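The values are calculated or read from the model by the stated rules, or taken from the named source; none is laboratory data. Since the structure is predicted, the reported quantities are computational estimates derived from the model, not experimental observations. Here the Cβ positions follow ideal geometry from the backbone for every residue, glycine too, while neighbour counts run over all protein chains shown.
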Amino acid sequence: MRFFEIAAINSYAIQDMTPGESNGLTPIATIPPPAFKSNEFSTGVHKSASGHLPLNWDNFYMKRKFDTGAIRDSEEGKPDFVETISFTAHHRYAMYMTSKKKTYGEGNFKKGIPIEAYEKSLLRHIDKYFRNKYENGNDEPNEDHLAAIRFNVDGIMHEEGKATKK
């Protein structure tokens, strides 16, 4: 069974530890993982002059400890931009978007474009991309149709994201 070791460092931290394992921190309590509501646990430690809150699960975050002794929050549940994005494609898209500022102005899409307009443009650019690639087409040969496709997909996601925040 794994245990959480609670230690006092500038603020309270939890380390996921195997019993008997040391992380170099001074434990103030060793407890099994919580099977109760966040406000049900407290060690009775009260807020100190330094501003520490009482020990309860609302004040804890899983931490990573490095060989240097530095501590950071866990990456659990956070997006990994380094491993999930092609920076080559991202650069190409940024170049496309930068070139469009001359025509549409800075941040034009943030003003709000109906999803249906994005969808129609998306299909036009998909059509042009495939006709140019597979049928020796010559539809706007200087336009980066893949970047335009991404713009429209991103625009749809942007508008859907705005709608869910309302």
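Please determine, by comparing only the residues of the stretch 96-107 that are under 26 Å from the mean Cα position of the chain (by Cα) and surrounded by 12 or more Cβ atoms within 10 Å (Cβ to Cβ), which one is nearest to Gly161 (Cα to Cα).
Met97
Name the single residue, out of those in the stretch 138-165 being small (Gly, Ala, Ser) and surrounded by fewer than 17 Cβ atoms within 10 Å (Cβ to Cβ), that is modelled with the lowest pLDDT.
Ala163
Please work out if Lys120 is over 19 Å from His158 (Cα atoms), in the same structural domain as Ile149 (by TED's automatic domain parsing) and without any contact (Cβ under 8 Å) to a residue 12 or more places away in the chain.
no
If you take the residues in the stretch 108-137 that are more than 29 Å from the chain's Cα centre (by Cα) and outside any helix (DSSP H, G or I), which one is surrounded by the fewest Cβ atoms within 10 Å (Cβ to Cβ)?
Per the stated criteria, the residue is Asn136.
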